[in-house]
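The values are calculated or read from the model by the stated rules, or taken from the named source; none is laboratory data. Not measured: the values here are computed from a predicted model. Reconstructed Cβ throughout: ideal geometry from the backbone, glycine too, with neighbour counts over all protein chains shown.
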Amino acid sequence: MPGPGTFEHVGREWLVTVHEVKVSAGHAERTRVRLEQDVFLWIGRRSIVDIEAPELLQCLRRVEARGAIETAHRIKDACGQVFRYGIAAGHCTRNPAADLRDALRPVPTRHHAAIVDPKRTAELLRAIGEYEGHPVTRAALQLSARLLLRPGELRHMEWAWIDLDAATLTVPAETMKRTKADKANGAPHLVPLAPQAVATLRELHPITGHGRYVFPSLLTGERCMSENTVRGALRRMGYGNDDMTAHGFRAMARTMIAERLGIAPEVIEAQLAHAVADSLGRAYNRTQFLDQRRDMMAKWADYLDTLRNGAQVLPFKAA
């Protein structure tokens with residue numbers, strides 16, 4: 001490895017002493033690989049003091065050239081953190097990555113495709129009800145629409161998290177999309193279960209209840225369902241990537257609950273487990289809105305049933 005004072009030496013020191021402590025193991029590994037493949041190879045042996053903005057930009061342009069625009073921005077941010085650490089540790093005096101703020105092509109805005117029109121939602125719900133694939137996959141589709149969970153949280157759901165009698169799902173903090181500190185010390189996320197969700201889980205229990213996961217891999221019950229299972233089922237039902245995605249169920253719920261049911265935004269955000277801006281707000285929201293969220297989840301499940309069954313649904317207008 002290049003010696004002290006080189007960019008690679010300082011970068012690896014930052015990875016171990018700062019980055020790996022703050023983020024998940026997977027996140028840290030992705031950062032390490034990006035630096036090794038796209039930065040250390042080119043300027044790793046250079047003294048960190050001597051590196052200027054154009055030299056760093058040349059590395060980033062190579063990443064841009066292969067179409068990885070978002071990755072280029074992530075690498076720039078990581079390099080900026082290396083330089084800031086280098087300044088604090090006395091290895092260098094300035095951060096040339098800061099001069100590249102407007103030098104890269106902007107990251108294209110991407111949204112998870114989601115259906116938010118009541119008529120199309122009704123068609124989707126009927127297609128899910130008529131899905132002829134594995135019953136475990138059909139249940140995953142049904143609960144994707146009802147629970148407002150992230151796809152990864154749904155796939156990793158364990159029977160131990162569920163109290164069917166209390167109609168509550170408790171998602172451990174370490175499973176949530178949070179910082180490393182909040183994963184270790186944060187409160188679990190409570191998900192009230194509407195009667196329809198409880199019924200789906202009771203029907204599923206004889207099939208998968210003997211194992212750990214609610215949605216085990218169809219190949220081996222030792223792992224949870226693949227991240228491609230729900231997406232593949234949507235494709236088989238005729239919904240492409242531009243129509244509906246597994247993550248799109250959350251966007252569908254967030255939009256339609258606000259527009260059609262008139263639920264307060266803070267209640268919806270609490271159920272989506274979106275972090276609020278400050279630590280006091282996060283502590284406050286841990287215990288707030290549970291009754292309101294239980295009512296919201298029941299209304300959302302009833303609304304989905306209404307759509308699926310073909311009843312007329314009038315547009316909601318907020319007061």
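Within segment 112-138, can you find the residues that are part of a loop (DSSP other than H, G, I, E, B) and surrounded by fewer than 15 Cβ atoms within 10 Å (Cβ to Cβ)? Walk me through how you get there before you give the answer.
To start, the set of residues in segment 112-138 that are part of a loop (DSSP other than H, G, I, E, B) comprises 112-117, 130-134.
Asp117, Glu130, Glu132, Gly133, His134 - these are the residues of segment 112-138 that are part of a loop (DSSP other than H, G, I, E, B) and surrounded by fewer than 15 Cβ atoms within 10 Å (Cβ to Cβ).
May I ask you to verify whether Leu218 is farther than 14 Å from Leu148 by Cβ and either of a type in the set (Gly, Ala, Ser) or more than 20 Å from the chain's Cα centre (by Cα) (or both)? Against the criterion (farther than 14 Å from Leu148 by Cβ and either of a type in the set (Gly, Ala, Ser) or more than 20 Å from the chain's Cα centre (by Cα) (or both)), Leu218 qualifies.
Here the condition is being in contact (Cβ under 8 Å) with a residue 40 or more places away in the chain and assigned by TED's automatic domain parsing to the domain that holds Ala301; of Arg202, Arg223, Arg260, it holds for Arg260 alone.
If a residue must be out of contact with any Lys or Arg (no Cβ under 8 Å at 6 or more places or on another chain) and either of a type in the set (S, T, N, Q) or surrounded by 15 or more Cβ atoms within 10 Å (Cβ to Cβ) (or both), how many such residues does segment 45-61 contain? Even if it seems obvious, please write down each step before you answer.
Of the residues in segment 45-61, the ones out of contact with any Lys or Arg (no Cβ under 8 Å at 6 or more places or on another chain) are 45-54, 57-59, 61.
This time we only want the ones that are either of a type in the set (S, T, N, Q) or surrounded by 15 or more Cβ atoms within 10 Å (Cβ to Cβ) (or both), so: 46-48, 51, 53, 57-59.
Residues in segment 45-61 being out of contact with any Lys or Arg (no Cβ under 8 Å at 6 or more places or on another chain) and either of a type in the set (S, T, N, Q) or surrounded by 15 or more Cβ atoms within 10 Å (Cβ to Cβ) (or both): 8 in total.
Considering the conditions (1) closer than 27 Å to Asn241 by Cβ; (2) touching a Lys or Arg at 6+ places or on another chain (Cβ under 6 Å), Ala114 is excluded by exactly one of them, (2).
Considered as a group, the residues in segment 88-111 that are assigned to a helix (DSSP H, G or I) and among the hydrophobic types (A, V, I, L, M, F, W, C) include one that is farthest from Thr245 (Cα to Cα), and that residue is Ala88.
Applying the set (1) modelled with pLDDT of 95 or more; (2) surrounded by 15 or more Cβ atoms within 10 Å (Cβ to Cβ) to Asp182 leaves exactly one unmet item: (1).
Against the definition (surrounded by 13 or more Cβ atoms within 10 Å (Cβ to Cβ), within 13 Å of Tyr85 (Cβ to Cβ) and modelled with pLDDT under 95), how does His27 come out, yes or no? No, not satisfied.
Here's the yes/no breakdown for (1) under 18 Å from His9 (Cα atoms); (2) under 25 Å from the mean Cα position of the chain (by Cα); (3) exposed (fewer than 15 other Cβ atoms within 10 Å of the Cβ):
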| position | (1), (2), (3) |
| --- | --- |
| Thr31 | yes, yes, no |
| Arg34 | yes, yes, no |
| Val39 | yes, no, no |
| Ile43 | yes, no, no |
| Glu64 | no, yes, no |
| Gly67 | no, yes, yes |
| Arg74 | no, yes, no |
| Val82 | yes, no, no |
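Given the structure, is Leu56 over 30 Å from Thr175 (Cα atoms) and touching a residue at least 12 places away in the same chain (Cβ under 8 Å)?
Details: over 30 Å from Thr175 (Cα atoms): yes; touching a residue at least 12 places away in the same chain (Cβ under 8 Å): yes.
The answer is yes for Leu56.
Only a single criterion out of (1) in contact (Cβ under 8 Å) with a residue 60 or more places away in the chain; (2) crowded, with 18+ Cβ neighbours inside 10 Å; (3) in a helix (DSSP H, G or I) is not satisfied by Gly152, namely (2).
Rundown of residues vs (1) of a type outside the set (Gly, Ala, Ser); (2) at pLDDT 95 or above; (3) in the same structural domain as Gln271 (by TED's automatic domain parsing), yes/no style:
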residue	(1), (2), (3)
His111	yes, no, no
Leu125	yes, yes, yes
Tyr131	yes, no, yes
Pro135	yes, yes, yes
Ala140	no, yes, yes
Leu143	yes, yes, yes
Arg146	yes, yes, yes
Pro151	yes, no, yes
